[in-house]
Amino acid sequence: MLGHMSKSSPRFSGKSTLLQVLLRMVDITEGDIFVQGTRTTDVGLCVYRSKFNTIPQEAYFYQGSFRDNLSRGIDITDARLLEVLRKVSLEQKILDLGGLDQECLAETFSSGECQLLALARAILHPKSIVLLDEVSSK
């Protein structure tokens, strides 16, 4: 079953907390949450979280090159990496910074661009669920 859920509301209304609950970063005190038909607490944490691609408000970088950040240890061609970077409008910026083998430094990106890099990772490593938090940030 393909489904979509969206939570849009004013700032400080619990959207980030909902994501923390969905990722089992905080425990709920009553009731159950089911994801893809399974009670979230019936699955090991690592297995459960492996279903998600998360793009947080404060996206993160791994230490290393842009290639390392995007490929996460999997062999992906330059053509595919650049294609995805083009889709998220980061190809030219990364090429201007020195290309895929250039060290990835967070201070060279706005918070919105950091989220776009996280979106590129999500495209390259698809999961069954994508969680986005404050995707309209700048």
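Read-outs throughout are calculated quantities, based only on the coordinates presented, and are distinct from any laboratory measurement. Quick caveat, the model's predicted, so the values are computed rather than measured. We place every Cβ from the backbone using ideal geometry, glycine too, and count neighbours over all the protein chains shown.
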(message) Let's test the formula: R0 of 35 Å, r as the Cβ-Cβ distance of GLN92 and GLN36. What FRET efficiency results, to the nearest 0.05?
(response) 0.40
(request) Name the long-range amide H neighbours of GLY64: under 5 Å, sequence gap of 5 or more, or other chain; modelled H, no Pro or chain starts. (result) CYS104
(request) Compute the signed sum of charges (Lys and Arg +1, Asp and Glu -1) over the other residues within less than 15 Å, Cβ to Cβ, of LEU124. (result) +2
(request) Per DSSP H run of n ≥ 4, the term is -39500 (n - 2.57); total these for the chain, divide by its residue number, and report the mean residue ellipticity at 222 nm rounded to 500 deg cm²/dmol. (result) -9500 deg cm²/dmol
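In what sequence do LEU82, LEU45 fall when counting other Cβ within 10 Å, fewest first? Don't jump to the answer; show the numbers that get you there.
Working: LEU82 17, LEU45 12.
The order, fewest Cβ neighbours first, is LEU45, LEU82.
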(message) Can you give me the long-range amide H partners of THR54? Hydrogens built in the peptide plane at 1.01 Å from N, cutoff under 5 Å, separation of 5 or more residues or another chain.
(response) LEU131
(message) With angles folded into 0 to 90 degrees, how steeply does helix 111-124 sit against the dominant principal axis of the chain? Use alpha carbons for both and round to 10.
(response) 80 degrees
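Please compute the alpha carbon radius of gyration of the stretch 31-110, then divide it by the globular-protein estimate 2.2 N^0.38 Å. Two decimals is fine.
Numbers: Rg = 16.6 Å, N = 80, 2.2 N^0.38 = 11.6 Å.
Against the empirical 2.2 N^0.38 Å value, I get 1.42 for the stretch 31-110.
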(request) Based on other C-beta atoms within 10 Å, arrange PHE109, PHE34 from fewest to most. (result) PHE34, PHE109
(message) Given bins 10 angstrom wide, list per bin the percent of all Cα-Cα distances in the chain, short to long.
(response) 11, 38, 31, 17, 3, 0
(message) Between the stretch 32-46 and the stretch 73-138, how far is it from one alpha carbon centroid to the other, in angstrom?
(response) 29 Å
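Take the Cβ-Cβ distance between ALA106 and VAL47 as r, set R0 to 35 Å, and report the resulting FRET efficiency rounded to the nearest 0.05. Please report the intermediate quantities before stating the final value.
Numbers: r = 30 Å, r/R0 = 0.85.
Efficiency computed from Cβ-Cβ geometry: 0.75.
Can you list, largest first and rounded to whole Å, the semi-axes you get for the stretch 13-63 by taking the square root of 5 times each eigenvalue of its Cα gyration tensor?
21, 15, 9
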(request) Hey, for a label at LEU23 modelled as a point 7 Å past Cα toward Cβ, could you say which residues of the stretch 37-73 have their backbone N under 13 Å away? (result) 49-61
(message) Against the empirical 2.2 N^0.38 Å scaling, what ratio does the C-alpha Rg of the stretch 66-126 come to?
(response) 0.98
